[in-house]
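The values are calculated or read from the model by the stated rules, or taken from the named source; none is laboratory data. The shown structure was predicted, so the numbers you read here are calculated from the model rather than taken from an experiment. Heads up, the Cβs are rebuilt from the backbone with ideal geometry, glycines too, and the neighbour counts pull from every protein chain shown.
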Amino acid sequence: MTRDTIERQAATNAAGQIREVAEKVKANIGRVIIGKQDVIDLVLVALFSEGHLLLEDVPGIGKTTLAKSIARSIGCTFRRIQFTPDVMPSDVSGINFYNQKSGEFEFRPGPIIANIVLADEINRATPRTQSALLEAMEERQVTIEGVTTMLPAPFVVIATQNPIELEGTFPLPEAQLDRFFMKVALGYPEEDEEDAILVRFEEGSPLVDLEPVTTDVELVKLARLVPHIYCEPSVRRYIVQLVQATRKHAAYDLGASPRGSMNLFKGARALAALRGRDYVLPDDVKFLAPYVLGHRAILSSQSRLRGRDAAGVLQEIVETVPVPVEG
């Protein structure tokens with residue numbers, strides 16, 4: 001067999017394995033969450049890409065329920081941090097304490113040392129506490145008093161925040177936002193969906209009985225298969241051109257970072273596999289771009305005064321940058 005044939009076979013096998021597990025997880029989450037198939041797909045893209053997820057929407061939409069459903073569907077360690085202004089960095093990462101029995105200092109791990117960490121209402125934490133997540137999210141490790149502890153694999157932070165309430169909140173700085181693989185809003189359910197929610201939760205939450213359908217080991221294995229999904233050079237260049245366009249657009253003060261292009265490249269491959277393909281299409285890139293790049297590009301003050309919004313400007317860019325055409 002030629003090298004191209006071997007690589008194509010590897011891509012096909014990778015796509016099949018990723019899709020098989022994705023369908024099981026989606027079905028399991030669907031026992032709790034009604035509708036929101038696009039949102040669930042985005043969550044799975046983040047998981048298979050080993051990326052962190054920021055869920056932003058008004059209260060009562062189901063952000064925390066979705067995060068818990070994901071954690072319950074994967075047989076791995078799960079911790080929840082309920083952020084408030086009085087939460088300290090040591091409450092997140094852990095502390096070294098003196099054990100009088102042994103006469104030695106011992107490390108007491110914080111909730112950040114887990115496979116999936118739910119950072120609930122992250123924007124209620126002070127900047128000092130938010131910064132405790134920076135090293136963990138980027139380098140998959142925490143350093144306390146000069147001692148570095150590696151975090152388990154996989155390690156995913158699912159953070160929630162309420163964009164409406166401003167009192168007692170601290171906006172996430174650009175450095176923190178850039179570490180999130182994507183930012184997603186759930187949105188209100190449709191009328192039929194909301195009626196189905198009332199019926200499903202009438203006798204209690206189905207989340208209680210949710211069982212794992214995959215493991216942390218399998219998730220790590222699938223994440224390593226994502227790079228096998230084929231991405232044609234012209235589609236890869238299209239990703240670069242979209243990111244470059246955010247840096248040149250007059251409406252932005254700050255364009256998306258190279259981390260944004262890397263995440264879009266990896267995410268497009270994961271999405272292609274979820275959709276049953278062993279190759280990336282420009283449509284995969286266009287679908288993901290608002291979620292992966294939207295929170296990384298910062299509008300100028302003049303653009304905000306004129307009533308422009310980041311989503312609208314990014315949509316302009318997606319419509320303007322030429323899409324690669326076969327042949």
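Restricting attention to segment 271-314, which residues are over 24 Å from Leu55 (Cβ atoms) and either touching a residue at least 40 places away in the same chain (Cβ under 8 Å) or assigned by TED's automatic domain parsing to the domain that holds Lys26 (or both)?
The answer is Gly276, Arg277, Asp278, Tyr279, Val280, Leu281, Pro282, Ser300, Ser301, Ser303, Arg308.
Checking Ser234 against (1) over 21 Å from the mean Cα position of the chain (by Cα); (2) surrounded by 20 or more Cβ atoms within 10 Å (Cβ to Cβ); (3) not aliphatic (A, V, I, L, M), which test does it fail?
Among (1) over 21 Å from the mean Cα position of the chain (by Cα); (2) surrounded by 20 or more Cβ atoms within 10 Å (Cβ to Cβ); (3) not aliphatic (A, V, I, L, M), the lone unmet condition for Ser234 is (2).
If Glu20 satisfies all but one of (1) loosely packed, with under 14 Cβ neighbours inside 10 Å; (2) within 14 Å of Gly276 (Cα to Cα); (3) at pLDDT below 90, what's the number of the condition it fails?
In the conditions (1) loosely packed, with under 14 Cβ neighbours inside 10 Å; (2) within 14 Å of Gly276 (Cα to Cα); (3) at pLDDT below 90, Glu20 misses (3) alone.
Which of the strands (runs of 3 or more DSSP E) contained wholly in segment 42-134 include at least 1 residues that are modelled with pLDDT of 90 or more?
52-56, 78-82, 116-120
Among the residues of segment 66-87, count how many are in contact (Cβ under 8 Å) with a residue 60 or more places away in the chain, touching a Pro at 6+ places or on another chain (Cβ under 8 Å) and of a type in the set (D, E, K, R).
1
Do we have Gly60 as on the phi > 0 side of the Ramachandran plot and surrounded by fewer than 16 Cβ atoms within 10 Å (Cβ to Cβ) here?
yes
Do we have any residue at all in segment 129-139 that's surrounded by 14 or more Cβ atoms within 10 Å (Cβ to Cβ), of a type outside the set (Gly, Ala, Ser) and touching a residue at least 60 places away in the same chain (Cβ under 8 Å)?
yes
Scan segment 275-284 and give yes if some residue there is farther than 22 Å from Gly16 by Cα and of a type in the set (Asp, Glu), otherwise no.
no
Those residues that are closer than 10 Å to Thr160 by Cα and of a type outside the set (D, E, K, R), I need them from segment 38-57; list them, please.
Leu53, Leu54, Leu55
Quick one: count up the residues across segment 255-280 that are out of contact with any helix residue (DSSP H, G or I) (no Cβ under 7 Å at 6 or more places or on another chain) and either modelled with pLDDT under 90 or not in a helix (DSSP H, G or I) (or both).
Result for segment 255-280: 2.
How many residues does segment 276-319 hold that are surrounded by fewer than 16 Cβ atoms within 10 Å (Cβ to Cβ), over 29 Å from Pro173 (Cβ atoms) and not acidic (Asp, Glu)?
1
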